[in-house]
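Peer 1: Take a look at this one; I'll ask things after.
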Number of protein chains: 4
Amino acid sequence: MQYGYADNKENILKRLKRIEGQVRGVARMVEEDKYCIDILTQISAVDAAMDKVAIELLRDHTKHCVANPAISPEARDAKVEEVISAINRLLRK
Amino acid sequence: MQYGYADNKENILKRLKRIEGQVRGVARMVEEDKYCIDILTQISAVDAAMDKVAIELLRDHTKHCVANPAISPEARDAKVEEVISAINRLLRK
Amino acid sequence: MQYGYADNKENILKRLKRIEGQVRGVARMVEEDKYCIDILTQISAVDAAMDKVAIELLRDHTKHCVANPAISPEARDAKVEEVISAINRLLRK
Amino acid sequence: MQYGYADNKENILKRLKRIEGQVRGVARMVEEDKYCIDILTQISAVDAAMDKVAIELLRDHTKHCVANPAISPEARDAKVEEVISAINRLLRK
């Protein structure tokens with residue numbers, strides 16, 4: 001089965017690849033005793049990049065799985081609850 | 001016209017009333033020169049309470065407006081984009 | 001005793017007054033059945049305004065209470081732990 | 001020169017190594033077409049883990065660089081501004 005982000009998969013994987021490199025870059029800065037504030041700036045960049053991936057997944061999921069007119073009202077209500085819980089986890093971390 | 005949160009309106013208004021009181025409480029703490037850290041704890045509580053209101057509104061909106069099988073695919077796509085932008089604003093503030 | 005935000009008190013109280021009005025504005029929008037997305041935009045504005053108050057308090061507190069050369073190293077370590085816990089609560093809400 | 005997080009370096013590097021693996025895990029989930037909601041849960045976990053690294057760095061930096069009684073009042077004020085801007089970037093992302 002194909003999930004909602006199928007069309008966007010390459011884009012999302014490219015973003016995640018870049019984030020993996022950014023995290024490695026943060027580790028390198030720590031290893032090389034770089035200045036704390038500069039490391040924190042990089043961490044903010046990783047957070048923001050990760051949020052963008054979350055937003056992409058949420059968009060595709062909402063479009064294809066939650067707002068799917070083919071599913072029953074009960075299934076739709078369950079999907080709404082599920083996505084709202086995921087958004088809540090992202091907001092609260 | 002009635003929006004998605006109609007059934008939940010009393011609950012949301014009660015929460016907002018309480019948040020208004022919490023903000024007034026924070027101002028009173030500042031006026032009375034209370035300890036900064038205690039004020040910051042109250043601010044975290046206001047943030048969390050405000051997020052709960054946002055989550056309630058998002059749930060009702062997603063259920064009744066975004067995942068509405070009666071609207072056209074184009075209208076639904078527009079609704080998805082709109083709600084995703086709102087979630088993005090909440091995540092990034 | 002005067003805490004770190006004493007010089008900034010009027011500014012902070014003015015911001016909190018405005019936030020209280022914004023929360024009341026959100027309640028009014030709910031009462032008048034305004035569109036969910038517009039209400040969520042206002043909630044994001046309240047969150048951002050509240051964060052600015054937190055940042056002002058953190059700045060004054062760090063300047064006057066944490067980075068205070070007159071206190072003992074033990075007292076300073078305790079102040080650092082305390083402010084870091086407050087920042088953690090703001091980040092995680 | 002040694003920065004504030006020197007004593008904590010191994011711990012921070014271990015956390016970052018684990019986060020790098022978590023990001024790779026998220027990519028693998030996308031590649032294997034795992035369910036969006038499960039991927040979002042993992043992204044929340046990465047966000048939380050990254051915040052913990054930020055908090056560790058902030059603690060050490062505040063202790064050793066900001067609240068350093070050996071530096072001049074002007075240098076201290078500059079350090080406070082710098083760390084507050086970093087906290088602001090973390091809060092707003």
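The values are calculated or read from the model by the stated rules, or taken from the named source; none is laboratory data. Everything numeric here is computed off the predicted structure, so don't read it as measured data. Ideal geometry is used to build each Cβ from the backbone, glycine not excepted, and the neighbour counts take in all protein chains shown. Heads up: the accessible areas ignore ligands, DNA and RNA and are worked out on the full protein's heavy atoms, side chains in. Shrake-Rupley method; radii C 1.70, N 1.55, O 1.52, S 1.80 Å.
Peer 1: In contact with a Phe, Trp or Tyr (Cβ under 9 Å, 6 or more places away or on another chain), closer than 23 Å to C:I87 by Cα and more than 8 Å from chain A (Cβ to nearest Cβ), is that true of B:K52?
Peer 2: On the way: in contact with a Phe, Trp or Tyr (Cβ under 9 Å, 6 or more places away or on another chain): no; closer than 23 Å to C:I87 by Cα: yes; more than 8 Å from chain A (Cβ to nearest Cβ): yes.
For B:K52, the condition - in contact with a Phe, Trp or Tyr (Cβ under 9 Å, 6 or more places away or on another chain), closer than 23 Å to C:I87 by Cα and more than 8 Å from chain A (Cβ to nearest Cβ) - is not met.
Peer 1: Taking the condition closer than 18 Å to C:R18 by Cα, of a type outside the set (K, R) and surrounded by fewer than 20 Cβ atoms within 10 Å (Cβ to Cβ), does B:E31 pass?
Peer 2: yes
Peer 1: Follow-up. Could you check region B:9-26 and list, in sequence order, the residues that are open to solvent by less than 30 Å² (accessible area, probe 1.4 Å) and of a type in the set (D, E, K, R)?
Peer 2: Within region B:9-26, B:E20 is the sole residue that qualifies.
Peer 1: Another one. Considering region A:84-93 alone, what residues qualify as being within 8 Å of chain D (Cβ to nearest Cβ), at pLDDT 95 or above and open to solvent by less than 50 Å² (accessible area, probe 1.4 Å)?
Peer 2: Listed by number, the residues that qualify are A:A86, A:L90.
Peer 1: Then there's this: For region D:60-71, what are the residues that are without any contact (Cβ under 8 Å) to a residue 40 or more places away in the chain and open to solvent by 50 Å² or more (accessible area, probe 1.4 Å)?
Peer 2: Those that are without any contact (Cβ under 8 Å) to a residue 40 or more places away in the chain and open to solvent by 50 Å² or more (accessible area, probe 1.4 Å): D:P69, D:A70.
Peer 1: So which residues in region B:31-54 are outside any helix (DSSP H, G or I) and among the hydroxyl-bearing types (S, T, Y), if there are any at all?
Peer 2: The answer is B:Y35, and nothing else.
Each row is one residue, and each column tells you yes or no for (1) touching a strand residue (DSSP E or B) at 6+ places or on another chain (Cβ under 7 Å); (2) more than 14 Å from chain D (Cβ to nearest Cβ); (3) outside any helix (DSSP H, G or I); (4) free of Cβ contacts under 8 Å to residues at least 24 places away in the same chain.
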{"site": "C:K14", "(1), (2), (3), (4)": "no, yes, no, yes"}
{"site": "C:E20", "(1), (2), (3), (4)": "no, yes, no, yes"}
{"site": "C:M29", "(1), (2), (3), (4)": "no, yes, no, yes"}
{"site": "C:E56", "(1), (2), (3), (4)": "no, no, no, no"}
{"site": "C:E82", "(1), (2), (3), (4)": "no, no, no, yes"}
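Peer 1: Read through the list (1) open to solvent by 60 Å² or more (accessible area, probe 1.4 Å); (2) closer than 30 Å to C:I84 by Cβ, then give the number of the only condition that B:C36 fails.
Peer 2: All conditions pass for B:C36, except number (1).
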